[in-house]
Amino acid sequence: MIRYSLLTIVLAASLGGCTSSQERRVANGNFDYLQEQQRVDLKIPEGLNQPNRGRDYEIPKLGEQAPRNLVGNKLDVLSPSLVLPLVTGSHVEEGQRNATVYFDQIDDSEALDTSIWNSLISFLEEQGIAVDYFNKEEGRLDTDWMLMNEEMDTGWFDWTSTERSVGRRFEFTLDVKPHGRTAALNVALKDYMETIGDNVRSAADLDAEAKRRNEVDVLNRVINHYETQLKVADVRRIRQIRQGMEMELGFNADGEPAFVVDGDYDMTWTRLQLVLRKLGFDVKDLDKSNGLLFVSYQGPEEGWWDRLWSSDDGLPLDREDYRFKVAQMGGKTSITLMDDQSKALSADLLTNIYASFSQTMSASNLDI
């Protein structure tokens, strides 16, 4: 009977699972294929027919620019680096080799290029990375050195660790389409310096795939930061909408009777749709760019129990089609109620429905 000590078993398990950072970048096993010789074609004797040969497994010839030295342990087998378009309205183009992500305009409250630059600069500030050059009109931003230090594990035979220091500088370019609603953010590795013990590598020592991995890595970090910012802004915006908004009777910019809300256009636009639904309006169509909502008044939705104990017949309005015109007025927003021919309703009618609108507009925790 063969007996093994506990120490032997533990050491075998531990050492068998320890690999260095470099070993994890290359294929496992040997590289005997490097010693293989090119096989000659099958020779067919004279008088016999050549056999049919399929091309399914034919290895294509190397291109003129192919790196012929990337064989054996010089070839990294890491997973390909992919740009992750996590932001709503973002996408990548199939076959794109550069580290590029495309953004489409989703929120009209701010210009698309301004939103992207603000998010990028916010990311750099959060990471403590200085900006070496920035020109918004040129669509270019260069970062200062982005430094990273880490402890590297070595092979199973060495119980020590080696410090790895990496410094990178990137160039971001933003290409905005003439219509301003689509923009492509590209990142390129500008400088690179890696130190592992006494070994130093620069950008000239990196192959195309290594450069792309660095570029995609930082671009995905920027995209993730952008997405997080949008989520935080959405939560803050929803909280503000649910808190309610104050309003009063007044006039719009054309002198017509209107509700005047103490809030900006975007907030009022969203809040008004909740108020209309609560008061029994059915929004059939809307056009935010022109501030128009096409609605039909249906009256409050109540069950038979509510109708039994309540005498609320809704607003003193005919159950027909109306239009609401929303417009910015300085720091406030006007809401004009019109008939289906875009004629403003009278001040008397607006006064009669003001109490219901004002109470619902200012109510907290309105359902979204």
L147, sole failed condition from (1) part of a strand (DSSP E or B); (2) at pLDDT 90 or above; (3) surrounded by 12 or more Cβ atoms within 10 Å (Cβ to Cβ): (2)
Flag if F134 is more than 20 Å from H179 (Cα to Cα) and modelled with pLDDT of 95 or more: yes
Among the candidates F324, F294, residue that is at pLDDT 95 or above, surrounded by 15 or more Cβ atoms within 10 Å (Cβ to Cβ) and within 18 Å of P257 (Cβ to Cβ): F324
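Taking the stretch 270-289, which residues are part of a helix (DSSP H, G or I) and out of contact with any Gly (no Cβ under 9 Å at 6 or more places or on another chain)?
Matches in the stretch 270-289: T270, L272, Q273, L274, V275, L276, R277, K278, K288, S289.
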Options S311, S334, S346, S358; residue that is modelled with pLDDT of 90 or more, over 24 Å from G244 (Cα atoms) and either of a type in the set (G, A, S) or touching a Lys or Arg at 6+ places or on another chain (Cβ under 6 Å) (or both): S346
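Could we say that R239 is open to solvent by 30 Å² or more (accessible area, probe 1.4 Å), in contact with a helix residue (DSSP H, G or I) (Cβ under 8 Å, 6 or more places away or on another chain) and either over 26 Å from T351 (Cβ atoms) or hydrophobic (A, V, I, L, M, F, W, C) (or both) here?
Numbers: open to solvent by 30 Å² or more (accessible area, probe 1.4 Å): yes; in contact with a helix residue (DSSP H, G or I) (Cβ under 8 Å, 6 or more places away or on another chain): no; either over 26 Å from T351 (Cβ atoms) or hydrophobic (A, V, I, L, M, F, W, C) (or both): yes.
So R239 fails the test.
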Residue tally, condition open to solvent by 30 Å² or more (accessible area, probe 1.4 Å) and assigned to a strand (DSSP E or B), over the stretch 190-216: 9
Per-region count, the stretch 60-106, residues open to solvent by 50 Å² or more (accessible area, probe 1.4 Å), among the hydroxyl-bearing types (S, T, Y) and at pLDDT 85 or above: 1
Residues (under 31 Å from the mean Cα position of the chain (by Cα) and either of a type in the set (V, I, T) or open to solvent by 90 Å² or more (accessible area, probe 1.4 Å) (or both)) located in the stretch 243-257: Q243
Residue list for the stretch 258-270, restricted to those being at pLDDT 90 or above and open to solvent by less than 20 Å² (accessible area, probe 1.4 Å): A258, F259, V260, V261, T268, W269
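Pick out the one residue from S122, S109 that is assigned to a loop (DSSP other than H, G, I, E, B) and either at pLDDT below 90 or not charged (D, E, K, R) (or both).
S109
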Subset of the stretch 325-368 (residues that are of a type in the set (D, E, K, R) and either closer than 12 Å to L249 by Cα or part of a helix (DSSP H, G or I) (or both)): D348
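The values are calculated or read from the model by the stated rules, or taken from the named source; none is laboratory data. Nothing here was measured: the structure is a model prediction, and the numbers come from that model. Quick reminder, even Gly has a Cβ in these numbers, built from the backbone with ideal geometry, and neighbours come from all protein chains shown. Protein only, heavy atoms only, side chains kept; ligands, DNA and RNA dropped before computing areas. Shrake-Rupley method; radii C 1.70, N 1.55, O 1.52, S 1.80 Å.
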